[in-house]
Every structure is written in C-alpha cells, then in structure tokens.
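Here the structure comes first, spelled out in structure tokens, and everything after it is commentary.
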Amino acid sequence: MAKHFRQTVLAEKLAEDSAQIFSCAHLANGLAVSVLLHDREGRCLLAERSGAVALAPKTYSVSVTGALDEQDLKVKDPVRSCTSQECTEELSITLPEESFQLSGIFIGERKLQPSALLLAALPSFEDIMANFETRRFISTRTDELSRYALLPMSEAAHFQLGLFERAQSPSSTRSGTKQ
C-alpha cells in the first residue's frame, strides 16, 4: 500500500510540470512513453504485440509504447513530441502534440524504467492500422478493462489501464476526481 501511494504521489507531482521529468533524481533509466487512446463512446484501444518485437513479444499493451531518444530532447516538449512520433510509426495516424494529456510517471518494481503515461481522445479507431510491432488492436469498453488485466502485459500498462478505469468510473466522476 505504501509503495502504491509513493508511486501515485510521484506520478501526480511530475504530471503537474512535465519539465520536472528530466530533472527528477529518482529516474535513473531512459524515459518510456505509454499511450492509451480512447474514443467518445467510452472505448479504449489496446494492442496485442506481435512475436516480431524484441521487447515483450506476444503480450498485451496500451495503444502505443516507445521511448525518448536523444533527438527528442532537442525539442520544446520531448514527451509529447516522442508520443506523436510513436503514434505515427505504430498506428499510421498523425496526432498533434497538444492532443496528449500527461497523466503522470510510473516506475514499476521489476523493470524500474520510468514511463510517462499519456492519454489522447480520438473520434474513432477506424483509421488505425497495425504494423510489424502489433499483431492486432482491440477496441474495448472501459468497463471491460479489468478482464484484460489478467493477460500478460507490462507493469506500466497494467497500472495505466487501472488508473484510467478508476478515473472513468461513475463514483470518481461524482466525487469530482475524474481526469
């Protein structure tokens, strides 16, 4: 419980100012991005990774994942720039950088790589196309996300799906905590 609380506090603190991500002494590894796309109908886009990828083959994930590289650090907003590029590469769609909402930073127990958790809303998932990294995409309602938590996926993806599901639940919208 205490560890979860520390992770949540760190995520909320870093989400307030994305520039803090690069000066945070707690982040020893390169920053990854983890993007969950959702639509107006309350559905989320999940990915089933192909066996052709080196990292986490044949697992399930949020819509898009990637990592910042040296080129990303040369722009004004490296996290959103990287995220936009990853969406273009992995989904064959172009989303402007301002489309992405930074929810926070997650650091798992096993991998210890910090992951920027981002959200973006799309009108639909119709134009999404898989490439060699993804076997298929799955469109699922938010209230069905918990069943995907039982499938093999990264700690970051698992955490992000739970975070999104809680933020969308009727009890969080009534109490004013919906994000």
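Compute, for ASP69, the solvent-accessible surface of its heavy atoms (probe 1.4 Å) with the complete set of protein chains present, and express it in square angstrom to the nearest 10.
Counting only protein heavy atoms, the figure is 80 Å².
What is the percent carbon and sulfur in the accessible area of segment 67-179, measuring with a 1.4 Å probe over the protein chains and ignoring ligands?
In segment 67-179, the share of accessible area belonging to carbon and sulfur is 51 percent.
Hey, got a sec? Which trypsin sites (Lys or Arg not before Pro) in segment 40-77 land in a DSSP loop and have at most 12 other Cβ atoms within 10 Å?
Working: sites: ARG40, ARG43, ARG49, LYS58, LYS74, LYS76; in loops: ARG40, LYS58, LYS76.
The qualifying sites are ARG40, LYS58, LYS76.
What ranking of HIS38, HIS158 comes out by heavy-atom accessible area, probe 1.4 Å, highest first?
HIS158, HIS38
With labels modelled as points extended 7 Å from the Cα through the Cβ direction, what inter-label distance (nm, one decimal) is found for SER92 paired with ASP69?
According to this spin-label approximation, the distance is 2.2 nm.
If I model a spin label as a point 7 Å beyond the Cα along the Cα-Cβ vector, how far apart are those points for GLU109 and ARG40 in nm?
4.2 nm
Relative contact order for segment 96-179: what is it in percent, counting Cα pairs under 8 Å that are at least 6 residues apart?
Values: 60 pairs, mean separation 17.9, N = 84.
In percent, rounded to a whole number, it is 21.
Percent of alpha carbon pairs in segment 25-135 separated by more than 15 Å?
Working: 3945 of 6105 pairs.
Percentage above 15 Å: 65.
How large is the accessible surface of SER81 in square angstrom, using a 1.4 angstrom probe and rounding to the nearest 10?
10 Å²
Restricting to DSSP loop positions (anything but H, G, I, E, B) with no more than 15 other Cβ atoms inside 10 Å of their own Cβ, which chymotrypsin sites (Phe, Trp or Tyr not before Pro) remain in segment 73-147?
Working: sites: PHE100, PHE106, PHE125, PHE132, PHE137; in loops: PHE100, PHE125, PHE132.
For chymotrypsin sites (Phe, Trp or Tyr not before Pro) across segment 73-147 that sit outside H, G, I, E and B with at most 15 neighbouring Cβ atoms in 10 Å, the list reads PHE132.
Which value in Å is the Kirkwood Rh of segment 42-105 over different Cα pairs?
Working: mean 1/r = 0.0769 Å⁻¹.
Final number for the Kirkwood radius of segment 42-105 is 13.0 Å.
For LEU119, what accessible area in Å² do you get when you roll a 1.4 Å probe over the heavy atoms of the protein chains, rounding to the nearest 10?
20 Å²
The values are calculated or read from the model by the stated rules, or taken from the named source; none is laboratory data. Because the structure is a prediction, the values reported are computed rather than measured. A quick note on method: Cβ atoms are made from the backbone with ideal geometry, for glycine too, and the neighbour counts reach across all protein chains shown. Heads up: the accessible areas ignore ligands, DNA and RNA and are worked out on the full protein's heavy atoms, side chains in. Shrake-Rupley method; radii C 1.70, N 1.55, O 1.52, S 1.80 Å.
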